[in-house]
Number of protein chains: 2
Amino acid sequence: MKIEEIEAQDLNPQRFIEEKITEISSIAGNGLAVNALSGGVDSSAVTILGHRALGERLKTYFIDHGLMREDEPQRIVPLFKELGVPVELVDSRAEFFNALKGMTDPEEKREAITQAFYKDVFSRLVKESGAGYLLQGTNYTDIEETVAGVKRQHNILEQLGIDTQKQYGYKLIEPLIQLRKPAVREIAKTLELPEEIYNRPPFPGPALAARIIGEVTQERVETVRKATQIVEQALSDTGAFQYLAILHEDKVTGVRDGKRDYGLQIEVRCWDSEDAKTGSPTRVGYDILEKLAERITTEVPGVVSVTYNVTKKPPSTIEAV
Amino acid sequence: MKIEEIEAQDLNPQRFIEEKITEISSIAGNGLAVNALSGGVDSSAVTILGHRALGERLKTYFIDHGLMREDEPQRIVPLFKELGVPVELVDSRAEFFNALKGMTDPEEKREAITQAFYKDVFSRLVKESGAGYLLQGTNYTDIEETVAGVKRQHNILEQLGIDTQKQYGYKLIEPLIQLRKPAVREIAKTLELPEEIYNRPPFPGPALAARIIGEVTQERVETVRKATQIVEQALSDTGAFQYLAILHEDKVTGVRDGKRDYGLQIEVRCWDSEDAKTGSPTRVGYDILEKLAERITTEVPGVVSVTYNVTKKPPSTIEAV
């Protein structure tokens, strides 16, 4: 089935929400559904849509795969509790780090995360809860990039010919699949999610694993997590579409206290973009960039060098992995 | 022997030149000497000093180790011929690529280049010419960094306890060893070298091998050479102290014509510095940086991403390797 995009300017958010609530109800019938909330705008919007449609028949999980930003579970779970949506925190860190062990190829890493999500964690949660449906926030850009062969987005299954019912034991419901990011933000705002959610910078499906060149280990996630926190603090005022820190595998020579210090390099990217389809490096002032480099090389152990990406997309992509 | 720095403001160039000419003559006596000209300001100044001191008893070689910038031998050899200094071009490319084969550690690569220079190539040239002396342009920053253990500069031997007479069969004469870059430029200018020489941006001893993370192969040198040429064209108007392109070993995901293109990344560095001891990233305008990234990703095969380094030295160093 060909999916038609609904562009932001053609969107009537209130009507779209009503239609999707009706659609989710009619697909799920009296069945149970589950969904995974990451705190990003897509999964947050789906969580609210699903709860309006199914009430207590939707069970929402927050899957902590260990690849999250600093303190994510502690921020997101209470925020939804306050909105009246109970969220169950699932600690899946061991499963994910196990699945990623020894892998360095970007597409292999993405595939390992997909499998850990859908085959391992979700299959178990669905089985335990007796649900027949998985609700998720797949958007139009995700399917476009995966089908075109640019990057395997972790949430793309049916468009690649994967029968989730047969392979994983549940059916997918994807209410946002016709929308790109700006339209999803409209929906999230209309659903009365707080601004910190509906204006949240995008975060990749494979999370911090998408920000690590080479093997994903707990130690390396810790390094990129610290750098990410500093980058998000330093660049949130830019109004940029997205900003991120990437841990390289290459080491470079540095110097500390007059002695050689062969260490790590962090690459910073900050994007002006409408929809992630194309993008330009944000023209961040050098005062901010130098201060950022100083903080990262001081506060993140082992890092001696920080670069800023100055390439457009294309030929770059938003993330490095 | 402790070497005392002569700072640029305390330098009397004309007197310094006269003293060094006398010194070189008295050390070499009636003996023969050789030197290697790379076209950088240090070796160029030494070439002229040596010829004024020894005339035809100094034989100058241009050693093409295959790690040069685009067209270097074709530019430098004729330039010195016009100044009345005959230069013999020595093709040592095979020797150097052989010495570097399979090496990825920065200090190992630097050591391999040092050995290829002094033990292989120079020893042979000295033997063939019957010379007893090697004149070279070691400067104060070189010895400082090597002795402090920051980076092994290829031309540092005696300060590390290496007896060149015993090990390689020749004695070293190093007339510029008390000077840093700005003072060397003064000397080069006073020696009536053309401005393109006395104002030349510094270039590392290991040449383009210092700009390659990972193994140094002919193909990878070709990639960084093309990027270097573009960077030098794009940034020469900045008035910066030094500007360079680094080829990374890490690959990143890119996109071309809507398809995935997993490719190379070039890191650009451009330094404001007085003497290479400390440095800050030059505040190059984004118009220039974006154009530079576009040229590199278009003109250098395989490159999909370009970064700009925003770290100060320290904790960065000028070069990456």
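At-a-glance table
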read-out	value
Given charges at beta-carbon only (K, R positive; D, E negative), |dipole| of region A:162-226 in Debye	140 debye
Heavy atoms of A:Met103: accessible area, 1.4 Å probe, square angstrom to 10	50 Å²
For the protein assembly as shown, with +1 on Lys and Arg beta carbons and -1 on Asp and Glu, the positive-most of B:Ala53, A:Ala112, A:Tyr308 along the dipole	A:Ala112
13 Å beta-carbon shell around A:Glu95, net charge (K/R +1, D/E -1)	+1
Pairs from A:Lys101/B:Lys291; B:Lys20/B:Lys101; A:Lys109/A:Lys166 whose Cα-Cα separation, in the structure shown, is over 32 Å	A:Lys101/B:Lys291; B:Lys20/B:Lys101
Signed unit charges on C-beta, dipole axis of region B:1-68, positive-most listed residue B:Ala33, B:Ala8, B:Met68	B:Ala33
Simple label model, 7 Å out from Cα along Cβ direction - A:Leu89 to B:Asp91, nm	6.9 nm
Estimated D of chain A in µm² per second, where Rh is the Kirkwood radius over Cα pairs and Stokes-Einstein applies at 4 °C, 1.567 mPa s	63 µm²/s
For region B:158-286: rounded, prolate or oblate by the Cα gyration tensor [a/c cutoff 1.5]	oblate
Nearest-20 debye value, the protein assembly as shown charge dipole, Cβ charges on Lys, Arg, Asp, Glu	700 debye
Protein accessible surface hidden between B and A, which excludes ligands and nucleic acids, total in Å², probe 1.4 Å	4200 Å²
Fraction of accessible area attributable to carbon and sulfur, chain A (%, probe 1.4 Å)	46 percent
With all protein chains modelled, accessible area of A:Tyr133 [1.4 Å, Å²]	40 Å²
Under 5 Å, built H, 5+ apart or other chain: amide partners of B:Phe62	B:Leu37, B:Glu88, B:Leu89, B:Val90
Span-like helix ranges in chain B, DSSP H, alpha carbon extent 24 angstrom or more, Kyte mean at least -1.0	B:218-235
Which of B:Lys127, B:Lys291 is most accessible, then next, and so on - probe 1.4 Å	B:Lys127, B:Lys291
Amide hydrogen neighbours beyond the local backbone of A:Gly279, cut-off 5 Å, H modeled	A:Lys313
Alpha-carbon centroid distance for the pair region A:276-293 / region A:65-102, whole angstrom	29 Å
For B:Asp261, distant residues with modelled amide H under 5 Å away	B:Gly254, B:Val255, B:Arg256
Whole-number percent relative contact order across chain B, with pairs defined as alpha carbons under 8 Å at least 6 apart	17 percent
Solvent-accessible surface (1.4 angstrom probe) belonging to A:Thr311, in square angstrom, nearest 10	0 Å²
Relative contact order for region A:42-123, counting Cα pairs under 8 Å that sit 6 or more residues apart, in percent	26 percent
Dimensionless Rg ratio for the protein assembly as shown, taking C-alpha atoms and the 2.2 N^0.38 Å reference	1.17
Summed residue charge, Cβ within 14 Å of B:Ser44's Cβ, Lys/Arg positive, Asp/Glu negative	0
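The values are calculated or read from the model by the stated rules, or taken from the named source; none is laboratory data. What you see is a predicted model, and the numbers here were worked out from it, not measured in a lab. Neighbour counts run over all protein chains shown; Cβ positions are idealised from the backbone, glycine included. Ligands, DNA and RNA are stripped out before the accessible areas are found, and what is left, the full protein with its side chains, is counted by its heavy atoms. Shrake-Rupley method; radii C 1.70, N 1.55, O 1.52, S 1.80 Å.
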